[in-house]
1. Please find, within the stretch 52-103, the residue that is nearest to the chain's Cα centre (by Cα) out of those that are at pLDDT 90 or above, within 30 Å of LEU20 (Cβ to Cβ) and part of a loop (DSSP other than H, G, I, E, B).
2. Can you pull out every residue in the stretch 160-213 that is in contact with a strand residue (DSSP E or B) (Cβ under 9 Å, 6 or more places away or on another chain) and either of a type in the set (D, E, K, R) or modelled with pLDDT of 90 or more (or both)?
3. Looking at the stretch 104-148 only, could you name the residues that are within 26 Å of the chain's Cα centre (by Cα), of a type in the set (Lys, Arg) and more than 30 Å from PHE82 (Cβ to Cβ)?
4. Given the criterion touching an Asp or Glu at 6+ places or on another chain (Cβ under 8 Å) and without any contact (Cβ under 8 Å) to a residue 12 or more places away in the chain, identify the matching residue among LEU104, LEU177.
5. Any residue that is hydroxyl-bearing (Ser, Thr, Tyr) and under 16 Å from the mean Cα position of the chain (by Cα) - is there at least one of those in the stretch 152-170?
6. Read through the list (1) in contact (Cβ under 8 Å) with a residue 60 or more places away in the chain; (2) on the phi > 0 side of the Ramachandran plot, then give the number of the only condition that LEU168 fails.
7. Taking the condition of being part of a loop (DSSP other than H, G, I, E, B), surrounded by 12 or more Cβ atoms within 10 Å (Cβ to Cβ) and not hydroxyl-bearing (Ser, Thr, Tyr), how many residues in the stretch 170-212 meet it?
Amino acid sequence: MLDIALVTALVAAWPVTWLLDRSYVRTGDPFTISGNLYEDPDEHVWVWLPPPPLPPGDVRNDATFIGAFSIALQGEDHGWPFVTSHGPRRLALNIEIFDEPRSLGAKDLAPDSPVRLAIDSALETFGDPMLVAATWDGSAIAGSNRARGWFANGLILSVLLVLAACLLVAMLRIGSLFRIAEKRQQVAQRRQSDRCTACGYDLHGNVFSERCPECGTLV
C-alpha cells in the first residue's frame, strides 16, 4: 500500500502544480511609467521620462511644459509557493494636458497626434515594444512562464504529497491495529461469557451442537 501511495503522490505533484498555476493568483506589485510633455514653438512635442533630473538636451529652452502622462501596469502572479507564470499585465493610460478640460485616454488621441507620437517614441526608448502597441489598443501584455518556478513547485509538492501519503498509510495501519486489538478483546469477552464469538448469541445450554444456532459459526 505504501508503494502505491508514494507513486501516486509523485505522479500527482505535477497536475497539482498545474492546477495551482490556474487557480492560485495574486496581484503583482503595480508599476507606473510617467513622463512630462513639452512643446516647442513649432508645435513639436517632446517627452521627458524622469530621471534624469533635467529634461533631455534636445528639448529647446523655449519649450513649454504642456502636461504629463502616466501608464499604470498591474500584473498577475500565478502558482504556489513560487511563481510559475506571470499573467497578463493590465494597462491604464492617463494623459493630463493643461489646456484640456479633462483627462485624456488612449481613444482620445488620433494616430498622428503629436502627443501620441511623442509618447510612442519615449516608450520605444524605454525598451518594451509590446508596451507601445498595448498602450493604444487597450489590450493586455501577454504573460510568461517561469521554468524554475514550475520545477521548484513540482519538487516541493512532491515532497509534501509523499509525506502526506506516508502519514495517511501510517494512520490507516494504526487504525487497523486498534481495530484488530478491539476485535480480539471482544472475542475474548464473548468466549468468557459463553457467547458466540461471531454474533454474540448466548450459548448457555447449547450442549448438542458444535455450531451457533444463530449464525452457524463453529463454536
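The values are calculated or read from the model by the stated rules, or taken from the named source; none is laboratory data. These figures come from a predicted structure and were not determined experimentally. Methodologically, a virtual Cβ is constructed for each residue, glycine included, from the backbone with ideal geometry; neighbour enumeration extends over all protein chains shown.
1. Here the answer is GLY79.
2. Matches in the stretch 160-213: ASP194, ARG195, ASP202, GLU210, ARG211.
3. Result: no residue meets the conditions.
4. Sole residue among the options that is touching an Asp or Glu at 6+ places or on another chain (Cβ under 8 Å) and without any contact (Cβ under 8 Å) to a residue 12 or more places away in the chain: LEU104.
5. Looking through the stretch 152-170, none of the residues is hydroxyl-bearing (Ser, Thr, Tyr) and under 16 Å from the mean Cα position of the chain (by Cα).
6. All conditions pass for LEU168, except number (2).
7. Matching residues across the stretch 170-212 total 8.
Here is a yes/no grid of residues against (1) surrounded by fewer than 15 Cβ atoms within 10 Å (Cβ to Cβ); (2) small (Gly, Ala, Ser); (3) out of contact with any strand residue (DSSP E or B) (no Cβ under 9 Å at 6 or more places or on another chain); (4) within 30 Å of GLY79 (Cβ to Cβ):
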| site | (1), (2), (3), (4) |
| --- | --- |
| PRO101 | yes, no, yes, no |
| GLY105 | yes, yes, no, no |
| LEU109 | no, no, no, no |
| ALA134 | no, yes, no, yes |
| SER139 | yes, yes, no, yes |
